[in-house]
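Inspection log for the structure reproduced underneath, given as structure tokens.
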Amino acid sequence: MAESLAELKGLGVGWVAIHPYAWLRRDGTVRFKPAAELDFLGRAVELARAAGVELFWKPHMGYWGSFEWRGAIEFGEDEAAWRRFFDGYRAFIVDQARFAEAAGIELFAVGVELEGTTGREAEWRRILAAVREVYGGRLIYAANWDALDRVPFWDAVDWIGVHGYFPLAGDGEPDRAALLAAWEEPLARLEALSMRHGNKPVLFAEIGYSRSADAARQPWTPRLDARPAVLALRRRLMEVALERIEQAPFVAGMFWWKWIPGPDHNDRDFSMKDPEARAALADYWGAPAPSAPLATSR
């Protein structure tokens, strides 16, 4: 991780997101270990501090084997399962928030892509209140791009979080001009949402593109394709996103998915260690001067 942080800093990155996991069973049971018992979390904070990189603490719910994805987590008419889920999730997220507060972490996600549960507004507001009791930094909720209007508690967080996998093209391979034009509609939606909530900043809590010929049409689809045209498309998508989103005054920053430190068999699709992804970051953000403050995650 120390080597990764040094390289990221050289690419102009000023913030990284770390996402500890809890695990969810189909019956709503949430399993996790207290953050204080996981030495690697404290070590990650130490390494980031030593590197001069700020942290976004973004706990995730591990759903594999129980649900198709996080947005599909829901329990229908099973009220006992709903109670187990919210009791367990509240215990997990408050534990993580307490850790983040003790570590001096400035940005914390109270939830990530859990839009199948956000209709239970009262439960979520109780969770937000419990987190506020132990955590004093900025609080966000990270919604999927197509579920922004299904979050009824934007008023209760500091920033609006979005996973920005907006489809930008139909069939065919879009050029730079087409991609720039395609960003206008989602950015207008995000600006309108920001304005409805008192000009609250919007954070791209996640954005990314895989090496896929369909990356502009279905950015969320993980595929592996190393043809030159596909690599060029991925870099073009990143460059346009970096340029256009940066121009939006209501956007606080953006976090690119994903960078796994060291060798890992899961580091395949969406890897930001791929040459074309590194090049896009380096060209746009560049390396900060040694004496200058670090750029933010924008």
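The values are calculated or read from the model by the stated rules, or taken from the named source; none is laboratory data. Bear in mind that the values here come from a model prediction, so they are computed numbers and not experimental data. Ideal geometry is used to build each Cβ from the backbone, glycine not excepted, and the neighbour counts take in all protein chains shown. Ligands, DNA and RNA are stripped out before the accessible areas are found, and what is left, the full protein with its side chains, is counted by its heavy atoms. Shrake-Rupley method; radii C 1.70, N 1.55, O 1.52, S 1.80 Å.
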Listed by first then second residue, the pairs whose first member lies in the stretch 65-89 and is closer than 21 Å to His163 by Cβ, whose partner is part of a loop (DSSP other than H, G, I, E, B) and of a type in the set (Asp, Glu), with beta carbons under 6 Å and at least 6 positions apart or on separate chains, are Arg70/Glu113; Gly71/Glu113; Gly71/Glu115
From Phe99, Phe85, residue being of a type in the set (Phe, Trp, Tyr), in contact with a strand residue (DSSP E or B) (Cβ under 7 Å, 6 or more places away or on another chain) and either closer than 11 Å to Pro59 by Cβ or crowded, with 18+ Cβ neighbours inside 10 Å (or both): Phe85
Of all residues being touching a strand residue (DSSP E or B) at 6+ places or on another chain (Cβ under 8 Å) and in a loop (DSSP other than H, G, I, E, B) in the stretch 104-116, which is most open to solvent (accessible area, probe 1.4 Å)? Just the residue, please. Glu106
Based on this model, can you work out whether Asp214 counts as surrounded by fewer than 19 Cβ atoms within 10 Å (Cβ to Cβ), in contact with a strand residue (DSSP E or B) (Cβ under 6 Å, 6 or more places away or on another chain), without any contact (Cβ under 8 Å) to a residue 40 or more places away in the chain and over 22 Å from Ala109 (Cβ atoms)? no
Quick check on the stretch 201-211. Is at least one of its residues in contact (Cβ under 8 Å) with a residue 24 or more places away in the chain and surrounded by fewer than 19 Cβ atoms within 10 Å (Cβ to Cβ)? yes
Under the condition of being within 20 Å of the chain's Cα centre (by Cα), charged (D, E, K, R) and open to solvent by less than 40 Å² (accessible area, probe 1.4 Å), which residue from the stretch 250-298 is modelled with the lowest pLDDT? Asp267
Residues that are open to solvent by less than 30 Å² (accessible area, probe 1.4 Å), in a loop (DSSP other than H, G, I, E, B) and farther than 24 Å from Trp257 by Cα: does the stretch 63-71 have at least one? no
For the stretch 231-249, how many residues are of a type in the set (Gly, Ala, Ser) and either buried (at least 18 other Cβ atoms within 10 Å of the Cβ) or assigned to a helix (DSSP H, G or I) (or both)? 2
Residue satisfying all of: in the stretch 153-165; of a type outside the set (D, E, K, R) and part of a helix (DSSP H, G or I); least open to solvent (accessible area, probe 1.4 Å) among these: Trp154
Report yes if some residue within the stretch 143-152 is under 25 Å from Trp23 (Cβ atoms), surrounded by fewer than 19 Cβ atoms within 10 Å (Cβ to Cβ) and out of contact with any Pro (no Cβ under 7 Å at 6 or more places or on another chain); otherwise report no. yes
When residues of the stretch 166-178 are limited to those that are crowded, with 19+ Cβ neighbours inside 10 Å and under 22 Å from the mean Cα position of the chain (by Cα), the one farthest from Leu237 (Cα to Cα): Phe166
